[in-house]
1. Those residues that are surrounded by 10 or more Cβ atoms within 10 Å (Cβ to Cβ) and polar (S, T, N, Q), I need them from segment 7-23; list them, please.
2. Residue check, V169 against (1) at pLDDT 80 or above; (2) assigned to a loop (DSSP other than H, G, I, E, B), all met but one. Which one?
3. Looking only at segment 56-71, which residues are at pLDDT below 85 and surrounded by fewer than 16 Cβ atoms within 10 Å (Cβ to Cβ)?
4. Quick one: in segment 118-133, of everything that is charged (D, E, K, R) and over 16 Å from A248 (Cα atoms), which residue is least open to solvent (accessible area, probe 1.4 Å)?
5. Considering only segment 196-214, state which residues are small (G, A, S) and either under 11 Å from L234 (Cα atoms) or open to solvent by less than 60 Å² (accessible area, probe 1.4 Å) (or both).
6. Does segment 41-51 include one or more residues that are at pLDDT 80 or above, of a type in the set (F, W, Y) and in contact with a helix residue (DSSP H, G or I) (Cβ under 9 Å, 6 or more places away or on another chain)?
7. Quick one: count up the residues across segment 92-117 that are open to solvent by less than 80 Å² (accessible area, probe 1.4 Å) and either touching a helix residue (DSSP H, G or I) at 6+ places or on another chain (Cβ under 6 Å) or among the β-branched types (V, I, T) (or both).
8. I'm checking my understanding of the structure. Among residues of segment 140-166 that are modelled with pLDDT of 70 or more and small (G, A, S), which one is most open to solvent (accessible area, probe 1.4 Å)?
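The values are calculated or read from the model by the stated rules, or taken from the named source; none is laboratory data. Predicted model only: the values in this text are computed from it and were never measured. Every residue, glycine as well, gets a Cβ built from its backbone with ideal geometry; the counts of neighbours run over all protein chains shown. Just so you know, the surface numbers come from the protein's heavy atoms only, side chains and all, with ligands and any DNA or RNA stripped out. Shrake-Rupley method; radii C 1.70, N 1.55, O 1.52, S 1.80 Å.
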Amino acid sequence: MFPENLLTACFQQVETVFRKISKNVTVAPMENIDGEVTIANDSQIITYFEREQVYKDGTNVLGLIVFCIAFGIIGGQLGEFGAPMVRFFVILNEIIMRIVIIIMWYSPLGIMSLIDGKIMAINDLSKTAEQLGLYMLTVVAGLRFIPVAATLPVTFRCLEGNNGIDKRVTRFVLPVGATVNMDGTALYEAVAAIFIALMNGIDLTAGQVISVRMIFMLKSSSSSTLNAEFKFVLTSVGLPTEDISMIAAIDWLL
């Protein structure tokens, strides 16, 4: 959550590993209760584990998100002094969004090719279809327990027309509340990541599952695309990103 180097966090993750170390130690003579001296073996092998932090390929998504949240909150509190920095990121966001719009015109062709290539690479199509069916059933069953909020236009009309709330209040509060409370999105994407792991025979540890859940809870408040979110999170826990096309094939239905 707190990377030492932001540039390194964009390309590498820090992982805690435990290395098994065996050493030969010399055992000194021991004196028992009766005063007799017991001569033990001259040497004995002692095994213990040593903790070490190593770097591996991938993006430290959780660390970047935590830093960006703190950076944004503090930058917003600076007022006029921090206005140039805020304006810089607003302009940068606008530039990136215009680039994304250009790319979106070509995305149908790219997604179609991605799905076709993935389907042709599947060895057992019936087994994969069965796994996708169970995944869809899990997502639908989970979404039934999450209350679905009304769309923003309907909510605007109810609060402003029926309840007479000032537009300055509704236009600020409702968009923020509608994006922050995207519980269904967080559930759907977390289940998808675990599904990809199971489909590839990868057993996630409890720490990895918690990490995936926390990342999607934080990212559920954003409006980034499905592929971008999955690539960030899958790389953070070392999962293959090639299977995103399988999720994209049924995403429109869910």
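1. Listed by number, the residues that qualify are T8, Q12, Q13.
2. (2)
3. K56, D57
4. Among those that are charged (D, E, K, R) and over 16 Å from A248 (Cα atoms), it is D124.
5. Correct list: A197, G207, S211.
6. So far as segment 41-51 goes, no, none of its residues is at pLDDT 80 or above, of a type in the set (F, W, Y) and in contact with a helix residue (DSSP H, G or I) (Cβ under 9 Å, 6 or more places away or on another chain).
7. The total comes to 3.
8. A149
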